[in-house]
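Everything on this sheet refers to the single structure shown next.
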Amino acid sequence: MRLPPDYVAAIKEAAREAFGEGAVVRLFGSRVRDDLRGGDIDLHVETDPLDDEWGARGTFEDVLFRLIEPQKVDVIVTQRGGTPRAFEQIAYRDGIVL
């Protein structure tokens, strides 16, 4: 996994503040492969049902980019109980829980 420990801590804190204590965050995509370089940060966040997903996403980014340098971060949010879409299935299959 190519993500520094301080980034992992920042992502977990931002997810907790934005999506609640029950949020599970997975890193997936190129950053899980040690043989590659660069790439954006692809995150999958599994949450309990949300009243305002877009507001939570905004909070997540605000908190995250206060803690780490702003950069390209893609976030997929899945509310528990739904049918996973294609990218969500990839994140569940290949992702690393942070």
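So what are the three principal axis dimensions of segment 51-98 from its Cα atoms, in whole Å, longest to shortest?
32, 27, 16
Can you give the Rg and Dmax of segment 14-63 based on its C-alpha atoms, in angstrom?
Cα only, segment 14-63: 12.6, 40 Å (Rg, Dmax).
State, as an integer percentage, the relative contact order of the chain based on alpha-carbon contacts under 8 Å between residues 6 or more apart.
Numbers: 142 pairs, mean separation 35.9, N = 98.
Across the chain, relative contact order equals 37 percent.
What whole-number value in Å² describes the accessible area per residue of the chain for a 1.4 Å probe? Let's see the in-between values first.
Working: 5670 Å² over 98 residues.
Spelled out: the 1.4 Å probe surface of the chain, per residue, equals 58 Å².
Give me the percent of the accessible area of the chain that comes from carbon and sulfur atoms, probe 1.4 Å, all protein chains in place.
Details: 2820 of 5670 Å².
Roughly 50 percent, rounded to a whole number.
Need one number: convex hull volume per residue for the chain, Cα atoms only, in Å³. If you can, show how the numbers build up before the last one.
On the way: hull volume 8.9 nm³, N = 98.
With only Cα atoms used, the chain gives 91 Å³ per residue.
The values are calculated or read from the model by the stated rules, or taken from the named source; none is laboratory data. It should be emphasised that the depicted structure is a prediction, and the values quoted were computed from it without experimental measurement. These area figures cover heavy atoms from the full protein model, side chains too; ligands, DNA and RNA do not enter into them. Shrake-Rupley method; radii C 1.70, N 1.55, O 1.52, S 1.80 Å.
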